Amino acid sequence: MKNLKYVALFTIWFFSFGSLFAQFETEVSGVGTNAASFLEIGVGARAMAMGGSYVAVADDPTALYYNPAGIVWMNNVQIEVMHNEWLVGTDYDFIGATLPLPFFNSTIGVSMIMLNYGDQPVRTTERPEGTGETYGARDYAVALTWASALTNRFSFGMTGKYINQKIWNETGGTFALDLGVFYSTPVKGLKLGMSMSNFGGEISLRGRDLATTTDPDEKNLNVDRIPVSYETGSYPLPILFRAGISYQQDLGALGSMVASTDLNHPSNTTESINMGFEYGYAGIFFLRAGYENLYEQDAINGLTVGGGIDYFERGKMGFRVDYAYSDWGPLENAHRFSVGIIFD
């Protein structure tokens, strides 16, 4: 009866979130119409090698991004760092840490993601080859997460975060909220997960380069240089609703396998499906493959592959090293590297 109660609770959450996000019409692609698009870039080499299908796996610090409810099932202090050689010469990085609070059946976590565009030359119509100056651009988000296990199978998590974008001397930021639930079903190895990400305000840029002067009345020779500032538009965050299922099977001497599928309902493009598969041998060596954004309108990425090593012994510090490759069609490819540390 207790399991049935939490199946019912999970179902209520599912349809409640689904009704909330039904307001976002995604029959037409709106990619590029939101602020802070870097929030849509997945984190973690393991997760991305599995096609980003991770909301119902979420058993390492990258759960801080995919499903905050997942961090409560980790019994150790863990740290995960990722470096991503992203598209067109940019770098995307993630760092996350989780700390269990066993007396409260809870876990807290902190994380940060950053997209760095590097330095670019300043060009003008008069000097198209460059003025000798350079400018930079970067986006970042810092987050604090709390998750609690309501039973030995069901957990809830939430994240508050601050998001900031900057280009040259202009910057803007806002706050957002992530929510997640996680349920380990009575069927051994079968897990369900669901999350809502980036529910928050809008971002508009402000800065000194938007300041100028103007002549409000050319006929009035006494007033010709009035200080003014350009006002930029504000744009919403890319909200994403994910619902997923994963299944883990022990293969005995042959190792183990995990299969996962996520359904994605974003606010700025059409629905899609992520699928992933992982094969592990001896609990140490892993091979992974996946496909992301299946059925998404105008998607150019898809196939992902990768692998990793995961080593942990009781009473000793453990580590993870993972790699993922993603095919991005005309934009070539992306490489992700993750390192995890487990403290016992």
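Restricting to the stretch 301-315, name every residue that is under 23 Å from the mean Cα position of the chain (by Cα) and not acidic (Asp, Glu). ASN301, GLY302, LEU303, THR304, VAL305, GLY306, GLY307, GLY308, ILE309 - these are the residues of the stretch 301-315 that are under 23 Å from the mean Cα position of the chain (by Cα) and not acidic (Asp, Glu). Of the strands (runs of 3 or more DSSP E) lying entirely inside the stretch 263-344, those containing at least 3 residues that are under 24 Å from PHE94 (Cα atoms) and hydroxyl-bearing (Ser, Thr, Tyr) span 318-327. Does any residue of the stretch 316-331 turn out to be among the polar types (S, T, N, Q), in contact with a Leu (Cβ under 8 Å, 6 or more places away or on another chain), surrounded by 12 or more Cβ atoms within 10 Å (Cβ to Cβ) and touching a residue at least 24 places away in the same chain (Cβ under 8 Å)? Yes, because at least one residue in the stretch 316-331 is among the polar types (S, T, N, Q), in contact with a Leu (Cβ under 8 Å, 6 or more places away or on another chain), surrounded by 12 or more Cβ atoms within 10 Å (Cβ to Cβ) and touching a residue at least 24 places away in the same chain (Cβ under 8 Å).
Screening THR145, THR159, THR174, THR134 for residues that are out of contact with any helix residue (DSSP H, G or I) (no Cβ under 9 Å at 6 or more places or on another chain), crowded, with 19+ Cβ neighbours inside 10 Å and not basic (Lys, Arg) leaves exactly one candidate, THR174. Looking only at residues in the stretch 253-300 that are buried (at least 19 other Cβ atoms within 10 Å of the Cβ), within 17 Å of the chain's Cα centre (by Cα) and charged (D, E, K, R), the one that is nearest to ARG242 (Cα to Cα) is ASP262.
None of the figures in this text is laboratory data; all of them are computed from the coordinates on show. Given the structure is predicted, the values throughout are model-derived calculations rather than measurements. Here Cβ is always computed from backbone atoms with ideal geometry, including for glycine, and neighbour counts include all displayed protein chains.
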